[in-house]
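Working notes for the structure below.
The values are calculated or read from the model by the stated rules, or taken from the named source; none is laboratory data. Bear in mind the structure is a predicted one, so any value in this text is a computation, not a measurement. In this analysis, Cβ positions are derived from the backbone assuming ideal geometry, glycine residues included, and neighbour counts consider all displayed protein chains. Only protein heavy atoms, including side chains, enter the accessible area calculation; ligands, DNA and RNA are left aside. Shrake-Rupley method; radii C 1.70, N 1.55, O 1.52, S 1.80 Å.
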Amino acid sequence: MISFTHIFVGIGNSGIRIVKNIEVPNAVKVPLDSSYYLFDKKRPSFVKQIKNFFGNLNDDTIVWIIFEDKPINIEIVDLINDNLPKKAIRLAYVLSPYRELVYERKPEWAGNFETVFYDSLSEFLDAYTSIPLEDAFNAASKQIGIMFSKLYYYLENQMLVNIDYADLFNMVKGGNIGILRILREVDFEWNWGIWDRGLISIMVGKNVPLKSAYEILRKFQYLLREKDIIWGVRMNKELEDEIEILALLIKRWSNGGNSV
């Protein structure tokens, strides 16, 4: 399998927390404290370090930029994009609390990315009624970090049925909006049908009847009928009694937003 350099950039507190929870062998993790960009005395050194680091990356680099959707973070994102090699693969993972970006107008900064994956954190923030908000963000950061770790573990070990890096790159190219999730439970009432293409891979624990996995697959296939989706069901002995779903779904992000 072709090897790529993986760069995970975490901007601001939320982005840094996620990057710290990512376990990808040989990946480079870059935490960027956005407060250094705010202070006049620290900004020149901060900008210089960004230009020197990102301006010297190789073309065969996959750059994930992870951040909360805030103006200061967007300025840093633009600075990074201005200095990246043209052929580097640029992907964003954006935290947008309580907002479904897929229904919003495409912002100018998003045009620099192949795909902007977003997370409204709804499943975590719904728990805010019973736990402190900081705990909800910490739980989200840990889960998203695990998700990245598992995505790359599955890709490197060819555990995703009918997909490798080439398939992934073809899937994400083109100025898209998307979601990337690791799920143990699925709300089939959510509007899954808005997505155009992607991957649904179901990992089945060794003690789980395959019938249960194929029932989940059948429901997804109905909701995403006539869409360009790669489907897969595979045994993962490490899960034992659980089912784990990797959902990577995207669609073209229009400047006018996407209607329901």
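Side notes on the structure shown:
- Qualifying residue in the range 185-204 (condition: acidic (D, E), touching a residue at least 12 places away in the same chain (Cβ under 8 Å) and farther than 18 Å from L155 by Cα): yes
- Residues satisfying the stated conditions in the range 194-208, i.e. closer than 23 Å to E114 by Cβ and open to solvent by 10 Å² or more (accessible area, probe 1.4 Å): I194, D196, R197
- The sole residue among V102, V94 that is closer than 22 Å to S149 by Cα and either out of contact with any Leu (no Cβ under 9 Å at 6 or more places or on another chain) or modelled with pLDDT of 95 or more (or both) is V94.
- Hey, A139 part of a helix (DSSP H, G or I), over 24 Å from L239 (Cβ atoms) and open to solvent by less than 70 Å² (accessible area, probe 1.4 Å) or not: no
- Enumeration of residues in the range 243-260 that are at pLDDT below 90 and open to solvent by 80 Å² or more (accessible area, probe 1.4 Å): N255, S259, V260
- Taking the range 184-213 as the range and being among the aromatic types (F, W, Y) and farther than 29 Å from F169 by Cβ as the test, only F188 passes.
- Scanning the range 213-242 for residues that are modelled with pLDDT of 90 or more and polar (S, T, N, Q) yields a single hit, Q221.
- Sole exception among (1) buried (at least 16 other Cβ atoms within 10 Å of the Cβ); (2) at pLDDT 95 or above for P44, by number: (1)
- Only listed residue being part of a helix (DSSP H, G or I), closer than 17 Å to I245 by Cα and either of a type outside the set (S, T, N, Q) or open to solvent by 10 Å² or more (accessible area, probe 1.4 Å) (or both), chosen from L155, L180: L155
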